[in-house]
Structures are given as C-alpha cells and as structure tokens.
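Okay, so here's the structure we're looking at.
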Amino acid sequence: MDGCWRNHKLEQKKAITAKAMASSACVLGISSLQLIPASTTHETNTHLHECYTYCTASSSSSSSIVCGLSGAKRVHVFRGDGSCSLMPRWFLGATHNLKVYGNNKTSPVPPLALSKRSVLLTVALLDDLLNLDLSDTSSSIIAEYIWIGGSGLDIRSKARTLSHPVTDPKDLPKWNYDGSSTGQAPGQDSEVILYPQVIFKDPFRRGNNILVICDAYTPSGEAIPTNNRAAAARIFSEERVVDEEPWFGIEQEYTLLQKNVKWPLGWPVNGYPGPQGPYYCGVGADKAWGRDIVNAHYKACLYSGIKISGVNGEVMPGQWEFQVGPVVGIAAGDQIWAARYILERITEMADVVLSFDPKPILGDWNGAGAHTNYSTKSMRADGGYEVIKKAIDKMRARHKVHIAAYGKGNERRLTGKHETADINTFSWGVANRGASIRVGRDTEREGKGYLEDRRPASNMDPYVVTSLIAETTILFDPTK
C-alpha cells in the first residue's frame, strides 16, 4: 500500500507544477464529489493521500475511490485492496466535470454529473477490464496483427483470438484484410492476405498476448507492390550477405505534436521557443517536453523483446530519438516497425500526434533523420577499415539510387545545414556530422568497426534502407 502511494506521489512531483493544479477532487461515499483547492504540490499530495487513506481504511476491497487533478487532467483510482492506478488521458469526461466545480471550497457534484455508479462503471470498471488477466479463466490469447498500409508509413493493426499461447510465427494462421480501405487493392478484388513473420510480447495486454509483424500478399501468394519486406528478405537470404552477417543500428528520430494544432509539443501555439542549443539531451521543464512518452516507450520496447539500445532528446525541442540495434539483417526492419507501432499506441493514449516528417518545422531548426549504422563481418575484423572505405566508394557510385529510396521529403532536410550533407553531393569523413557517411574516431584508430549513413530520413522504410545498404556494399559490382 505504502509503495503504491509513493509511486503516485512521485508522479505528482514529477509531472504537475503548482501552476497546473487548479483543484483536486475525491469521490467519497455514494454520490458526492468533494472539491478542495490545491494551490501547492504539498496540498495536492496531502489530498491524494487522504483519498488513499480513506479508501483503504473505510472501504471494502471491492470499492473504489476516484481522485482527480483537474488542472492536470489526470484521474487516480484507489481501491480498498490497496491497489491503485493512473487512468489514461483519454478518460477526460470526469476530469472536465471536476474542473467545472474546482473553484468551490467544498461542493457536491449533482448525481447526474458524477454518481458512484457512473464513476465506478466508467473509471474503475474500464481500468479493471483493460488490465484483466485472461489466464485466470481461459487459455486463449490475443494476437495483434500489424502491417504497413498503402502510404508506406501508415501502420495498421487488428486483433484476433487464438486458443492457446504461440511463440513461433510459423504456428500462426494467415489472415486477410480489406486492401481497398488501405490503398493496397481495388474494391472489386480487395482481399489481401497477411503472412505472420515475427512475434513480440504485447506490452499493452501483457501475459501471453502477442504483437505480430506481418507482410502482405495477394490470394495467389505474390507479394503486393507495397510489401518491401519480401524484397528485403530476398537480399538478406543471399549467401554472400548471410556470410557477412550485416549488423544495423538505427537512430530513429521523431517529433511529438500537439493534437489540435499540429505544432511541436511544448511550443507556444503560433509561436516559437528559444533558439536551439539547450535542448539536445536537455533536462528541465523548459527544455524537455514529452519525456514520459519517451520513457514509457523505452520500457515497453524492452518488455516486448525489441533490442532498443537507448533514447535521447534531440536538437529541436519536442523532437526525440530512440536507437535499435545492433541487430542482424532483416530483424532491423522488423524491430523498427514494431517500435514505431508501440510508439504510435503510446502517443495515441497520451493524445499526442507522432510525426516522422523529415523537416517538421521550416527555418533554423534541425530536421529528423534515421541515421543507419552498419558493419559486416569483414569490417569488424582486423583490416576492416579498408573494407569500410571500399564500401563507401560503392555507396558513392550509387548515391542517387540511395537518395531516391531514403524517404519522402528528404530534400527539405538534406540542405548542407543543421548537421546534414547537401542532397546532391556525396561526402564522407571521420567524425564529420556534416557528411553523407560518417566514420567514428574509434573505427579509424582501431582499424576496424562500422560506418554511419546519415542520409536516411526519419520516414524511411527500414526494410528498404537496410537491404539497399547490404546490396550496395556486398552484392554490387561497380565494374559491371
């Protein structure tokens, strides 16, 4: 019980300032809502603790008390059995009602607005159902099938029930969807078939429930035109590529936007924050906006089995980055898409828009990329630096091919400014973040290691980028 309260107290201290707290409220008894102004963090924490104490001392284990902070639009649920939870931001109905009455010292809310029945059914019951442990009554699990829509960036998903836990994608059934509604098939022949390819643990439903990365085929078994995974799989299955064990580490940048205005999170509406400088890896309420989303995503990816290796705030405020890798071959694409899906779901719950636009804000602001770190077995072995330089020469020869495949709108980002190379000019250098290809100091000093392709945009398809890099550096022969 005490641990539960401490966690919520920390949440309040971290996420809510005195300015944001107009009032707090606690549902006590049958149908009354007691509202007590909370002008300080101390008063708010004290009132939340009163709710918790009342619930555990005076209520049965089956009852719940809802305590909300109207200014922060969050709702806490404390139960008689000592459990507690923070309701997601989509549950705003109750908190809007709290705000209406927030200026009164103590005021009951009319039963029509918030009664014990309506509150418990809409808050506690929803909370309980969302966290229901199916293993208590059934061996069935839920599998969320995930695929890429017709734009090449839109993520789609739907769920199905399976009779028992599954750990191997080969044991999963194929499924179909309406391709005419995703821009991937005509209406008169709209059926598209999903082939399960990779399984991840589901951080939202948990238990034995799973996320399933799929690719899409016609009923006759041909990959549809937007199925870039199938083409990548062919390249990564080439014997020479397999022998080289290509490793990838992808730095996925993204921007968080305010939902109603599509403007970066934390920025004043129709205005701008201070110039770039303090935001990269910054700490503080005036420098880092959206950290709870970032950290929730980080832990959810680790839970799922994604090889996420780190996160950080980026140069432009409201922009963040997560890294996946090193992973081998096509797994890099699978894991980036799974991580993107999880991030989309988390921002959905937070009522924030996720953008992979490579240049979300014009002007003197950094764009968003997906720098791709790459090495082969030969590059990682003694003498690998010479192999790296030969690979860079091959990439120079196919610069236009790579640029065409590295993301829509990338010309707005690759301007030669803001840590980018000009889109029309290929360059490379040691420790040079203004080059197309960067080689690290450690790689130069040790004579082996990896290279970083800084050209891919944040909205790139990782199946396309990783397979193209492998094709160019391993299979491409510039003499032919």
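The values are calculated or read from the model by the stated rules, or taken from the named source; none is laboratory data. No experiment lies behind these values; they were computed from the predicted model shown. Neighbour counts run over all protein chains shown; Cβ positions are idealised from the backbone, glycine included. Protein only, heavy atoms only, side chains kept; ligands, DNA and RNA dropped before computing areas. Shrake-Rupley method; radii C 1.70, N 1.55, O 1.52, S 1.80 Å.
Worth pointing out:
- Condition met for residue 216 (in a loop (DSSP other than H, G, I, E, B) and crowded, with 19+ Cβ neighbours inside 10 Å): no
- Taken over the range 402-443, the residue count meeting the criterion of being among the aliphatic types (A, V, I, L, M) and either loosely packed, with under 15 Cβ neighbours inside 10 Å or part of a helix (DSSP H, G or I) (or both) is 5.
- Any pair with Cβ under 7 angstrom, 6 or more apart, that starts in the range 267-283 at a residue that is open to solvent by 60 Å² or more (accessible area, probe 1.4 Å) and ends at one that is at pLDDT below 95 and among the hydrophobic types (A, V, I, L, M, F, W, C): 269/261
- Of residues in the range 385-401 being more than 15 Å from residue 439 (Cα to Cα) and among the basic types (Lys, Arg), the one most open to solvent (accessible area, probe 1.4 Å): 400
- The residues in the range 444-455 that are in contact with a Ser or Thr (Cβ under 9 Å, 6 or more places away or on another chain) and either assigned to a loop (DSSP other than H, G, I, E, B) or closer than 15 Å to residue 380 by Cβ (or both) can be counted, and the count is 7.
- Yes/no for residue 332 being of a type in the set (Gly, Ala, Ser), part of a helix (DSSP H, G or I) and touching a Gly at 6+ places or on another chain (Cβ under 7 Å): yes
- Yes/no for residue 158 being part of a helix (DSSP H, G or I), in contact with a strand residue (DSSP E or B) (Cβ under 9 Å, 6 or more places away or on another chain) and open to solvent by 30 Å² or more (accessible area, probe 1.4 Å): no
Here's the yes/no breakdown for (1) touching a Gly at 6+ places or on another chain (Cβ under 8 Å); (2) open to solvent by 50 Å² or more (accessible area, probe 1.4 Å); (3) without any contact (Cβ under 8 Å) to a residue 60 or more places away in the chain; (4) basic (Lys, Arg):
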site: 171; (1), (2), (3), (4): no, yes, yes, no
site: 181; (1), (2), (3), (4): no, yes, yes, no
site: 185; (1), (2), (3), (4): yes, no, yes, no
site: 189; (1), (2), (3), (4): no, yes, yes, no
site: 197; (1), (2), (3), (4): no, yes, no, no
site: 205; (1), (2), (3), (4): no, yes, no, yes
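- Residue selected from the range 224-248 under the condition under 14 Å from residue 333 (Cβ atoms) and either touching a Lys or Arg at 6+ places or on another chain (Cβ under 7 Å) or of a type in the set (Phe, Trp, Tyr) (or both), by the criterion least open to solvent (accessible area, probe 1.4 Å): 248
- Hits in the range 243-302 - residues which are assigned to a loop (DSSP other than H, G, I, E, B) and among the β-branched types (Val, Ile, Thr): 261, 269, 283
- Top-ranked residue in the range 350-379 [being in contact with a Pro (Cβ under 6 Å, 6 or more places away or on another chain) and assigned to a loop (DSSP other than H, G, I, E, B); ranked as surrounded by the most Cβ atoms within 10 Å (Cβ to Cβ)]: 367
- For the range 340-349, the count of residues that are hydrophobic (A, V, I, L, M, F, W, C), more than 18 Å from residue 258 (Cα to Cα) and part of a strand (DSSP E or B) is zero.
- Breaking point among (1) outside any loop (DSSP other than H, G, I, E, B); (2) touching a helix residue (DSSP H, G or I) at 6+ places or on another chain (Cβ under 7 Å); (3) closer than 21 Å to residue 357 by Cβ, for residue 391: (3)
- Per this entry, residue 221 is not counted among residues that are surrounded by 15 or more Cβ atoms within 10 Å (Cβ to Cβ) and out of contact with any Ser or Thr (no Cβ under 7 Å at 6 or more places or on another chain).
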